[in-house]
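Worksheet for the structure shown next.
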Amino acid sequence: MGTTLAEKVWADHLVRKGGDGAPDLLYIDLMLMHEVTSPQAFEGLRLAGRKPRHVDQLIATEDHNTPTVDIDRPNPDKTSALQLSTLEKNCKEFGVRLHPLGDADQGIVHAFAPILGLTQPGMTIVCGDSHTSTHGAFGALAFGIGTSEVEHVMATQTLSLKPFKTMAINVNGKLPADATAKDIILAIIAKIGTGGGQGYVIEYRGEAIRNLTMDERMTVCNMSIEAGARAGMIAPDETTFEYLKGRPHAPEGEMWDKAVAYWKTLKTDDDAVFDKVVDIDATKLGPYVTWGTNPGQGLPITADVPDPAKIADATERSAAERAIKYMGLKPGMPIKDIAVDTVFIGSCTNGRIDDLRQAAAIMKGRHKADSIHRVLVVPASSRVRLEAEKEGLDKVFKDFGAEWRNAGCSMCLGMNPDKLVPNERSISTSNRNFEGRQGKGSRTHLASPAVAAATAIRGTISSPADL
Ligand code: SF4
């Protein structure tokens, strides 16, 4: 019997087979680090008198606690300043390469590494951050780990793991022009639920996936964790190779040819069997928006907010009741009638250059609605910012009335100065809409950059077709 892509990458990194229920030991090619989940790992290493096993396979950036304005001034938040200075001290002491705030390669941990060509097909990549699944877009087995595991990888460059189950999600047919990668993944999570992927590595397959750019593939894989999956993967192909060629850490010359030859073997065999298969008809998709407080509570933009009284399952019904109350909505109201206060375009889900181009194409020559308090456009990395400025996108955003910021996690989470106030409602291109995610009492609707841009123009949740 053949093997799946995930099983191939696993087998290629097996240091020791566990057997009898014991975990396998896997070699880890790359560990990404940031200021939030690394301090305890460095401290553990320090207390044990150890050094990193392969320091050149560790790389760090600053993203969660960084401000996105006035970055050359002292950080106004003491806790954030301490997190950042601790990372800087630790990286210096242990010799870990760091791209700090202000560096041209600084950015969200899941955005700066692919741009540098560090993320490559067939690799095992970990980070103390759940959205590490993003890197699976290249055919890497990439997943988030806990702080003690970060320390273990630093010390040994290996990880003990029990094999995952495998799931194929086939997104069949062509995506309609008004649907995007974000709509694909929101539709998938709405279908399988936030626990639907638990215990699985998902492989996204099918015509609609193959037609996505690398930035779009990263959007899909990024949110695998929101379906509960450990990782998401897409088999590498010409789109992947074209993206990687010439990047600073991509192989060159003869090594490039050898690498591509290997990367071409990284696909699921025709006779491989997945533990679970889900089919999605891409031709039926359109813009999706979340109405509730988890990423699975999403619907087509043309739908109405659900009426909990019509939900048969008691647990789902009470979750919907609570979410509607928290979000300040009314059952049965059209999603398009929801007025928002703030628009956030950014994050490791949708802060890449393709996303900014998508938003700018809609905003060009228009102005934000008077009812919208603020529109934040935050590139996912400094390289994305530089590229956007080269293309003049920053001017489009500023003429529109948006704030053009420096790179960072920003309003994806309330851990830096970019926060919502209680009851403030945002449309956000990020990945989590949990209670309080964007600040205490914040109300978040997840959507694509296209829907966020159209909403900024009309003031109520809208798609570009409404303009
Ligand atoms: S942008 Fe959001 S989800 Fe992504 S790494 Fe930062 S905080 Fe996490």
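Nothing in this text is a laboratory measurement; each read-out follows from the coordinates by a stated rule. Not measured: the values here are computed from a predicted model. Note that we place each Cβ from the backbone using ideal geometry, even for glycine, and neighbour counts take in every protein chain shown.
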Discussion item. As I understand it, the dipole of the chain uses +1 on the Cβ of Lys and Arg and -1 on the Cβ of Asp and Glu, about the Cα centre. Which of L159, L87, M333 lies farthest toward its positive end?
Written reply: M333
Item to complete: May I ask which residue of M255, I188, L212 lies farthest towards the positive end of the charge dipole of the range 168-256, with charges of +1 (Lys, Arg) and -1 (Asp, Glu) on Cβ and the Cα centre as origin?
Response: I188
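From the C-alpha coordinates alone, can you work out the Kirkwood hydrodynamic radius of the range 123-248, in Å? Before the final figure, lay out the partial values.
Numbers: mean 1/r = 0.0670 Å⁻¹.
Across the range 123-248, the inverse of the average 1/r is 14.9 Å.
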Worksheet item: Can you give the FRET efficiency for D279 and A361, using 1/(1 + (r/R0)^6), R0 = 35 Å, r = Cβ-Cβ distance, to the nearest 0.05?
Response: 0.65
Fill in: Taking only Cα atoms of the range 191-238, radius of gyration then Dmax in Å
10.7, 32
Response to the item:
If each K or R counts +1 and each D or E counts -1, the residues other than G436 whose Cβ falls under 13 Å of its Cβ total +3
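Given the peptides 413-425, 112-124, 47-59, arrange them by the average over their residues of other C-beta atoms within 10 Å, most packed first. Don't skip to the end; give the middle numbers.
On the way: 413-425: 18.2, 112-124: 23.0, 47-59: 14.8.
Top to bottom by mean Cβ count within 10 Å: 112-124, 413-425, 47-59.
Give me D for the range 333-466 in µm² s⁻¹, whole number, from Stokes-Einstein with Rh from the Kirkwood sum over alpha-carbon pairs, 10 °C and 1.306 mPa s. Write out the running numbers ahead of the final one.
Values: Rh = 14.2 Å.
In µm²/s, the coefficient is 112.
Among DSSP beta bridges lying fully in the range 5-162, give the percent that are antiparallel, nearest 5.
Around 35 percent antiparallel, to the nearest 5.
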Worksheet item: Per 5 Å bin from zero, what fraction in whole % of the C-alpha pairs of the range 5-162 is there, up to the bin with the longest pair?
Response: 2, 9, 19, 21, 20, 14, 9, 4, 2, 1, 0, 0
Response to the item:
Rounded to one decimal in Å, the inverse mean reciprocal Cα-Cα distance for the range 281-399, i.e. its Kirkwood radius, is 16.6 Å
Worksheet item: After finding the eigenvalues of the alpha carbon gyration tensor for the range 333-373, what semi-axes result from the square roots of 5 times each, listed largest first in whole Å?
Response: 21, 15, 10
Worksheet item: So which GluC sites (Glu not before Pro) in the range 209-314 are both in a DSSP loop and have at most 13 other Cβ atoms within 10 Å of their Cβ?
Response: E252
Worksheet, complete the sentence: For the chain, the Cα-Cα pair-distance distribution in 20 Å bins from 0, as whole percents, is 25, 59, 16, 0
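How would you rank 155-162, 32-39, 74-81, highest first, on the average number of other Cβ atoms within 10 Å across their residues?
Values: 155-162: 17.5, 32-39: 23.0, 74-81: 13.5.
Peptide ranking by packing, descending: 32-39, 155-162, 74-81.
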Response to the item:
Dividing the mean separation of Cα pairs under 8 Å (6+ apart) by the residue count of the range 333-466 yields a relative contact order in percent of 33 percent
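Share of antiparallel DSSP beta bridges in the range 267-417, in percent to the nearest 5?
Details: 4 of 10 bridges.
That works out to approximately 40 percent antiparallel.
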Practice prompt. Mind jotting down the distance between the C-alpha centroids of the range 403-418 and the range 120-151, whole Å?
Written response: 23 Å
Worksheet item: Mind listing the phi-derived Karplus ³J(HN,Hα) values for the range 311-328, rounded to whole Hz, using 6.51, -1.76 and 1.60 with θ = phi - 60°, and x for any glycine or proline?
Response: 8, 6, 6, 5, 5, 5, 4, 6, 5, 5, 4, 5, 4, 5, 5, 4, 7, x
Item to complete: Between T3 and E238, with labels modelled 7 Å along Cα→Cβ, what's the label distance in nm to one decimal, could you check?
Response: 2.8 nm
